[in-house]
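Have a look at the structure below before the remarks.
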């Protein structure tokens with residue numbers, strides 16, 4: 001999760017670079033980010049199966065992961081900026097939900 005946030009910060013910090021190089025960097029790192037999010041989603045799903053996680057939190061994670069799963073399945077179908085926004089948003093939602101799930105255990 002931390003690497004996703006670092007990647008996002010680096011992309012924003014590199015705004016002086018050409019858009020093409022930023023787009024290339026995002027597209028290059030997207031598979032790794034998708035793998036990290038998939039792993040986090042599996043971990044959350046296991047924690048949520050205990051029944052100790054609020055239904056509202058489960059719904060938020062489902063929506064966030066659903067949005068990023070579309071990007072991960074077809075990265076060519078979205079812009080690099082859209083991919084970045086979805087991945088970062090999903091990582092924040094899922095990491096927050098994981099903390100909540102762990103606290104409930």
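No value in this document is a laboratory result; all are computed from the given coordinates. Since this is a predicted model, take the numbers as computed values, not measurements. When we count neighbours, we look across all protein chains shown, and the Cβ atoms used for this are built from the backbone with ideal geometry, even at glycine.
Quick notes on this one:
- Virtual spin-label span in nm between residue 96 and residue 23, 7 Å along Cα→Cβ: 3.1
- Between residue 32 and residue 58, the modelled labels are 3.4 nm apart [label points 7 Å from Cα along Cα→Cβ].
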